[in-house]
1. What are the residues in the stretch 1-21 that are modelled with pLDDT of 95 or more and either of a type in the set (Gly, Ala, Ser) or in contact with a His (Cβ under 7 Å, 6 or more places away or on another chain) (or both), if any?
2. Looking at Leu165, Leu192, Leu161, which one is buried (at least 22 other Cβ atoms within 10 Å of the Cβ), under 13 Å from the mean Cα position of the chain (by Cα) and free of Cβ contacts under 8 Å to residues at least 60 places away in the same chain?
3. Can you find a residue that is under 16 Å from the mean Cα position of the chain (by Cα) and either closer than 18 Å to Arg187 by Cβ or not β-branched (Val, Ile, Thr) (or both) anywhere in the stretch 52-60?
4. Kindly provide the set of residues from the stretch 37-69 that are basic (Lys, Arg) and touching a residue at least 60 places away in the same chain (Cβ under 8 Å), ordered by number.
5. Thr154 is checked against (1) in contact with a Ser or Thr (Cβ under 8 Å, 6 or more places away or on another chain); (2) β-branched (Val, Ile, Thr); (3) open to solvent by less than 40 Å² (accessible area, probe 1.4 Å) and fails just one. What number does that condition carry?
6. Within the stretch 1-35, which residues are assigned to a strand (DSSP E or B), open to solvent by 70 Å² or more (accessible area, probe 1.4 Å) and among the hydrophobic types (A, V, I, L, M, F, W, C)?
7. Which strands (runs of 3 or more DSSP E) does the stretch 182-246 wholly contain that include 3 or more residues that are touching a Lys or Arg at 6+ places or on another chain (Cβ under 7 Å)?
8. Return yes or no: is Asp155 in a loop (DSSP other than H, G, I, E, B), at pLDDT below 90 and out of contact with any helix residue (DSSP H, G or I) (no Cβ under 6 Å at 6 or more places or on another chain)?
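The values are calculated or read from the model by the stated rules, or taken from the named source; none is laboratory data. This is a predicted model, so every value here is computed, not measured. Because the Cβ atoms are built from the backbone with ideal geometry, glycine has one as well, and the counts that use them run over all protein chains shown. The accessibility values were calculated without ligands, DNA or RNA, using every heavy atom of the protein model including side chains. Shrake-Rupley method; radii C 1.70, N 1.55, O 1.52, S 1.80 Å.
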Amino acid sequence: MPTVISLEHLFMKFGERKILQDINFSVEEGEFIAILGPNGAGKSTLLKLLLGLYKPSSGKIFILGKEPRRGNSDIGYAPQHRMLEADLAIRARDVVGFGLDGNKWGIALPSKQRTQKIERVLREVGIFHIADMPVGKLSGGQQQLLLIAQALLTDPKILLLDEPLSNIDIAHGQKVISLLTKISRERKITILLVTHDINPLLSVVSRVVYLVHGQCVSGKPEEVITSEKLSRLYGTSIEVIKTKGRLFVIGEEAS
(Lines give C-alpha, C1' and ligand atoms only; values in the text may rest on other atoms or scores of the structure.)
Protein backbone atom coordinates (compact mmCIF):
# COMPACT_ATOMS: atom_id res chain seq x y z
CA MET A 1 0.00 0.00 0.00
CA PRO A 2 1.26 3.53 -0.71
CA THR A 3 2.68 5.63 2.12
CA VAL A 4 0.38 8.56 3.00
CA ILE A 5 2.24 9.98 6.02
CA SER A 6 5.99 10.05 6.60
CA LEU A 7 7.91 11.58 9.51
CA GLU A 8 11.69 11.77 9.25
CA HIS A 9 13.88 12.84 12.19
CA LEU A 10 11.11 15.08 13.49
CA PHE A 11 11.94 17.44 16.36
CA MET A 12 9.50 19.86 17.97
CA LYS A 13 10.08 22.19 20.89
CA PHE A 14 8.41 25.25 22.38
CA GLY A 15 11.08 27.53 23.73
CA GLU A 16 13.42 25.28 25.71
CA ARG A 17 10.78 22.59 26.21
CA LYS A 18 11.34 19.57 23.98
CA ILE A 19 8.06 17.98 22.91
CA LEU A 20 9.11 15.51 20.19
CA GLN A 21 12.64 14.23 19.63
CA ASP A 22 13.80 12.40 16.50
CA ILE A 23 10.43 10.87 15.63
CA ASN A 24 10.48 8.49 12.67
CA PHE A 25 7.54 6.48 11.37
CA SER A 26 5.35 6.14 8.31
CA VAL A 27 1.70 5.32 7.77
CA GLU A 28 0.28 3.37 4.86
CA GLU A 29 -3.01 3.96 3.09
CA GLY A 30 -5.98 2.47 4.95
CA GLU A 31 -4.23 1.92 8.28
CA PHE A 32 -6.10 2.50 11.54
CA ILE A 33 -3.54 3.70 14.10
CA ALA A 34 -3.97 4.60 17.77
CA ILE A 35 -1.62 7.23 19.23
CA LEU A 36 -1.00 6.59 22.92
CA GLY A 37 0.91 8.17 25.77
CA PRO A 38 0.54 10.21 28.96
CA ASN A 39 -0.52 13.86 29.08
CA GLY A 40 2.17 16.15 27.72
CA ALA A 41 3.72 13.42 25.57
CA GLY A 42 3.06 15.36 22.35
CA LYS A 43 0.05 13.47 20.96
CA SER A 44 -2.06 16.53 20.11
CA THR A 45 1.06 18.41 18.99
CA LEU A 46 1.73 15.64 16.50
CA LEU A 47 -1.75 16.02 15.00
CA LYS A 48 -1.29 19.79 14.70
CA LEU A 49 2.01 19.26 12.90
CA LEU A 50 0.26 16.97 10.41
CA LEU A 51 -2.43 19.64 9.94
CA GLY A 52 0.16 22.30 9.20
CA LEU A 53 -0.88 24.33 12.26
CA TYR A 54 2.66 24.02 13.67
CA LYS A 55 5.98 23.98 11.87
CA PRO A 56 8.53 21.41 13.11
CA SER A 57 11.69 22.70 14.74
CA SER A 58 13.58 20.36 12.42
CA GLY A 59 13.02 17.23 10.38
CA LYS A 60 10.57 16.48 7.61
CA ILE A 61 6.87 15.65 7.36
CA PHE A 62 5.17 14.49 4.18
CA ILE A 63 1.40 14.16 3.78
CA LEU A 64 0.46 12.39 0.54
CA GLY A 65 3.92 13.28 -0.75
CA LYS A 66 3.73 16.98 0.15
CA GLU A 67 4.57 19.14 3.14
CA PRO A 68 1.65 19.82 5.54
CA ARG A 69 -0.46 22.89 4.88
CA ARG A 70 -3.41 24.52 6.61
CA GLY A 71 -6.83 23.86 5.14
CA ASN A 72 -5.85 20.66 3.33
CA SER A 73 -9.15 19.08 2.25
CA ASP A 74 -7.44 15.68 2.04
CA ILE A 75 -7.30 15.67 5.86
CA GLY A 76 -10.36 15.54 8.09
CA TYR A 77 -9.87 16.57 11.71
CA ALA A 78 -12.07 16.18 14.77
CA PRO A 79 -10.61 18.10 17.75
CA GLN A 80 -10.89 17.00 21.36
CA HIS A 81 -14.55 17.30 22.30
CA ARG A 82 -15.89 19.61 24.98
CA MET A 83 -19.57 19.53 25.90
CA LEU A 84 -21.42 22.46 24.33
CA GLU A 85 -23.60 24.79 26.37
CA ALA A 86 -27.13 23.48 26.89
CA ASP A 87 -28.69 26.72 25.61
CA LEU A 88 -26.72 26.74 22.34
CA ALA A 89 -29.49 26.85 19.71
CA ILE A 90 -27.48 26.32 16.50
CA ARG A 91 -28.72 23.26 14.59
CA ALA A 92 -26.73 20.04 14.31
CA ARG A 93 -26.67 20.25 10.50
CA ASP A 94 -25.16 23.76 10.71
CA VAL A 95 -22.32 22.52 12.93
CA VAL A 96 -21.54 19.82 10.37
CA GLY A 97 -21.63 22.45 7.63
CA PHE A 98 -18.69 24.24 9.24
CA GLY A 99 -16.59 21.46 7.71
CA LEU A 100 -17.22 23.09 4.33
CA ASP A 101 -17.11 26.76 5.25
CA GLY A 102 -16.01 27.10 8.88
CA ASN A 103 -12.89 28.98 7.80
CA LYS A 104 -14.95 31.67 6.03
CA TRP A 105 -16.59 34.78 7.42
CA GLY A 106 -20.33 35.15 7.39
CA ILE A 107 -23.16 32.72 6.90
CA ALA A 108 -22.85 30.21 4.06
CA LEU A 109 -25.44 30.58 1.34
CA PRO A 110 -27.67 27.52 1.01
CA SER A 111 -27.33 25.34 -2.06
CA LYS A 112 -28.68 21.96 -3.10
CA GLN A 113 -25.20 20.45 -3.41
CA ARG A 114 -24.14 21.70 0.01
CA THR A 115 -27.32 20.38 1.64
CA GLN A 116 -26.85 16.98 -0.02
CA LYS A 117 -23.26 16.70 1.22
CA ILE A 118 -24.27 17.52 4.78
CA GLU A 119 -27.20 15.12 4.78
CA ARG A 120 -25.07 12.34 3.26
CA VAL A 121 -22.52 12.41 6.10
CA LEU A 122 -25.25 12.78 8.72
CA ARG A 123 -26.78 9.55 7.38
CA GLU A 124 -23.36 7.89 7.19
CA VAL A 125 -22.70 8.43 10.88
CA GLY A 126 -26.27 7.53 11.80
CA ILE A 127 -27.51 10.87 13.13
CA PHE A 128 -29.67 12.26 10.32
CA HIS A 129 -32.64 12.11 12.68
CA ILE A 130 -31.11 14.86 14.85
CA ALA A 131 -30.12 17.15 11.96
CA ASP A 132 -32.42 19.98 13.01
CA MET A 133 -32.01 19.66 16.77
CA PRO A 134 -30.13 22.36 18.75
CA VAL A 135 -26.63 21.04 19.45
CA GLY A 136 -26.86 22.11 23.08
CA LYS A 137 -29.62 19.54 23.59
CA LEU A 138 -27.55 16.63 22.25
CA SER A 139 -25.68 14.10 24.37
CA GLY A 140 -21.88 14.03 24.46
CA GLY A 141 -21.86 10.99 22.20
CA GLN A 142 -24.11 12.68 19.64
CA GLN A 143 -21.94 15.80 19.68
CA GLN A 144 -18.87 13.63 19.07
CA LEU A 145 -20.55 12.03 16.07
CA LEU A 146 -21.27 15.54 14.73
CA LEU A 147 -17.54 16.33 14.84
CA ILE A 148 -16.77 13.12 12.95
CA ALA A 149 -19.43 13.93 10.35
CA GLN A 150 -17.94 17.41 9.99
CA ALA A 151 -14.46 15.92 9.47
CA LEU A 152 -15.76 13.62 6.71
CA LEU A 153 -17.50 16.36 4.75
CA THR A 154 -14.66 17.00 2.27
CA ASP A 155 -14.17 13.27 1.55
CA PRO A 156 -10.67 13.24 3.08
CA LYS A 157 -8.06 10.55 2.52
CA ILE A 158 -6.78 10.90 6.12
CA LEU A 159 -8.84 11.29 9.30
CA LEU A 160 -7.23 12.70 12.47
CA LEU A 161 -9.16 12.31 15.72
CA ASP A 162 -8.09 13.82 19.05
CA GLU A 163 -9.51 11.84 22.02
CA PRO A 164 -12.87 10.99 20.38
CA LEU A 165 -13.68 8.52 23.19
CA SER A 166 -13.24 10.96 26.07
CA ASN A 167 -16.24 12.52 27.83
CA ILE A 168 -18.68 9.94 26.43
CA ASP A 169 -20.07 6.80 28.04
CA ILE A 170 -19.08 3.22 27.16
CA ALA A 171 -22.10 2.60 24.93
CA HIS A 172 -21.48 5.71 22.82
CA GLY A 173 -17.76 4.91 22.80
CA GLN A 174 -18.47 1.50 21.27
CA LYS A 175 -20.76 3.16 18.71
CA VAL A 176 -17.97 5.56 17.72
CA ILE A 177 -15.48 2.69 17.37
CA SER A 178 -17.89 0.63 15.24
CA LEU A 179 -18.54 3.66 13.05
CA LEU A 180 -14.83 4.40 12.55
CA THR A 181 -14.12 0.75 11.72
CA LYS A 182 -16.90 0.83 9.11
CA ILE A 183 -15.66 4.13 7.66
CA SER A 184 -12.08 2.84 7.51
CA ARG A 185 -13.18 -0.26 5.63
CA GLU A 186 -15.71 1.30 3.26
CA ARG A 187 -13.88 4.54 2.45
CA LYS A 188 -10.39 2.99 2.62
CA ILE A 189 -9.48 6.05 4.67
CA THR A 190 -6.38 6.27 6.89
CA ILE A 191 -7.23 6.98 10.55
CA LEU A 192 -4.96 8.29 13.31
CA LEU A 193 -6.74 8.38 16.66
CA VAL A 194 -5.34 9.86 19.87
CA THR A 195 -6.49 7.99 22.98
CA HIS A 196 -5.53 7.26 26.58
CA ASP A 197 -7.05 3.78 26.60
CA ILE A 198 -6.18 1.23 23.93
CA ASN A 199 -8.47 -1.50 25.28
CA PRO A 200 -11.66 -0.55 23.40
CA LEU A 201 -9.60 -0.41 20.19
CA LEU A 202 -7.46 -3.55 20.52
CA SER A 203 -9.48 -5.56 18.03
CA VAL A 204 -9.69 -2.85 15.35
CA VAL A 205 -6.37 -0.95 15.15
CA SER A 206 -3.62 -2.13 12.84
CA ARG A 207 -0.83 -0.45 14.82
CA VAL A 208 -0.14 1.83 17.77
CA VAL A 209 2.28 4.73 18.14
CA TYR A 210 3.29 5.16 21.78
CA LEU A 211 4.76 8.54 22.76
CA VAL A 212 6.66 9.11 26.02
CA HIS A 213 9.23 11.80 26.92
CA GLY A 214 9.31 12.97 23.30
CA GLN A 215 10.28 9.51 22.05
CA CYS A 216 8.08 7.01 20.25
CA VAL A 217 7.82 3.36 19.36
CA SER A 218 5.36 1.94 16.84
CA GLY A 219 4.09 -1.49 15.93
CA LYS A 220 1.25 -3.89 16.63
CA PRO A 221 -0.28 -3.50 20.11
CA GLU A 222 1.10 -6.83 21.33
CA GLU A 223 4.58 -5.81 20.14
CA VAL A 224 4.62 -2.30 21.63
CA ILE A 225 2.61 -2.57 24.85
CA THR A 226 4.96 -4.85 26.73
CA SER A 227 6.78 -4.44 30.04
CA GLU A 228 10.17 -4.46 28.29
CA LYS A 229 9.30 -1.92 25.57
CA LEU A 230 7.52 0.53 27.86
CA SER A 231 10.13 0.29 30.62
CA ARG A 232 12.74 1.26 28.07
CA LEU A 233 10.58 4.09 26.73
CA TYR A 234 9.68 5.52 30.17
CA GLY A 235 13.14 4.94 31.58
CA THR A 236 11.66 3.27 34.66
CA SER A 237 10.11 -0.05 35.62
CA ILE A 238 6.75 -0.56 33.91
CA GLU A 239 4.61 -3.68 34.17
CA VAL A 240 2.03 -4.61 31.55
CA ILE A 241 -0.65 -7.01 32.74
CA LYS A 242 -2.84 -8.87 30.26
CA THR A 243 -6.10 -10.24 31.58
CA LYS A 244 -9.47 -11.07 30.00
CA GLY A 245 -8.43 -9.55 26.70
CA ARG A 246 -7.40 -6.23 28.24
CA LEU A 247 -4.06 -4.53 28.85
CA PHE A 248 -3.19 -2.68 32.03
CA VAL A 249 -0.05 -0.55 32.33
CA ILE A 250 1.20 -0.38 35.92
CA GLY A 251 3.66 2.29 36.98
CA GLU A 252 2.82 4.64 34.09
CA GLU A 253 3.14 8.34 34.72
CA ALA A 254 -0.05 9.98 35.90
CA SER A 255 -2.22 10.98 32.93
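1. Ser6
2. Numbers: Leu192 fails: free of Cβ contacts under 8 Å to residues at least 60 places away in the same chain; Leu161 fails: free of Cβ contacts under 8 Å to residues at least 60 places away in the same chain.
After ruling out the rest, the residue left standing is Leu165.
3. At the first step, the residues of the stretch 52-60 found to be under 16 Å from the mean Cα position of the chain (by Cα) are 52-53.
Of the ones still in play, those that are also either closer than 18 Å to Arg187 by Cβ or not β-branched (Val, Ile, Thr) (or both) are 52-53.
So far as the stretch 52-60 goes, yes, one or more of its residues are under 16 Å from the mean Cα position of the chain (by Cα) and either closer than 18 Å to Arg187 by Cβ or not β-branched (Val, Ile, Thr) (or both).
4. Of the stretch 37-69, the ones basic (Lys, Arg) are 43, 48, 55, 60, 66, 69.
Residue satisfying the conditions is Lys43 alone.
5. The failed condition is (3).
6. Selection gives Phe11, Phe14.
7. Values: elements: 190-194, 207-212, 215-219, 239-243.
Correct list: 215-219.
8. Details: in a loop (DSSP other than H, G, I, E, B): yes; at pLDDT below 90: no; out of contact with any helix residue (DSSP H, G or I) (no Cβ under 6 Å at 6 or more places or on another chain): yes.
Against the criterion (in a loop (DSSP other than H, G, I, E, B), at pLDDT below 90 and out of contact with any helix residue (DSSP H, G or I) (no Cβ under 6 Å at 6 or more places or on another chain)), Asp155 does not qualify.
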